[in-house]
Amino acid sequence: RLREMALALVPAQPTQNFHVSFVLLKNRVLAVGVNNKKTHPTNLRNPKFGKEGTNVSSSKYTCSELSAFVKLRNMTNVPFHRCTLVNMRVMRNGGLGLACPCQSCRSLISYLNLKAVLYTDQEGNLVRYSEE
């Protein structure tokens, strides 16, 4: 069901790969976040590193994970230790790709102490994220 929701959020003519994050509590979607080219003040405080380990902090964008959690900031009764985060990357061809959290989002995930984090691997299967 989340795959269908992610595909429905993709623009008609995508110019880039599209990341979607869902925050779930007891199989109920609390928030949906998508990556975008705008930035958020929290982004400016967290360094970002690319696949090769290069610093890409100068890139102005907001990750889908941060976007989802920003939508929850006014909900004070959300028990994050019981929430699940699901990350999906929708490729331009409509398939699912690798959506592992970036270093900045990993620190956010560990700070919030989420129950589970799932993301799509290169084949489009959901796998569990572990901090090891």
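FYI, it's all coordinate maths here, none of it is from the lab. Everything numeric in this text was worked out from a predicted model, so none of it was measured. When we count neighbours, we look across all protein chains shown, and the Cβ atoms used for this are built from the backbone with ideal geometry, even at glycine.
Trypsin sites (Lys or Arg not before Pro) within region 72-123: which are DSSP loop residues with at most 14 other Cβ atoms inside 10 Å? If you can, show how the numbers build up before the last one.
Working: sites: ARG73, ARG82, ARG89, ARG92, ARG106, LYS115; in loops: ARG73, ARG92, LYS115.
Counting only loop positions with at most 14 other Cβ atoms within 10 Å, the trypsin sites (Lys or Arg not before Pro) in region 72-123 are ARG73, ARG92, LYS115.
Amide H contacts of LEU118: LEU85, VAL86, ASN87, TYR129, each under 5 Å away and 5 or more positions distant or on a separate chain (H built 1.01 Å from N in the peptide plane; Pro and chain starts excluded). With θ taken as phi - 60° and the Karplus curve 6.51 cos²θ - 1.76 cosθ + 1.60 applied, the whole-hertz 3J(HN,Hα) list for region 96-111 is 9, x, 5, 10, 5, x, 6, 4, 5, 6, 4, 5, 5, 4, 5, 5 Hz, x standing for glycine and proline. Whole-Hz Karplus values for region 89-94 come out as 10, 9, 6, 4, 8, x Hz, taken residue by residue from phi with 6.51 cos²θ - 1.76 cosθ + 1.60 and θ = phi - 60°; glycine and proline positions read x.
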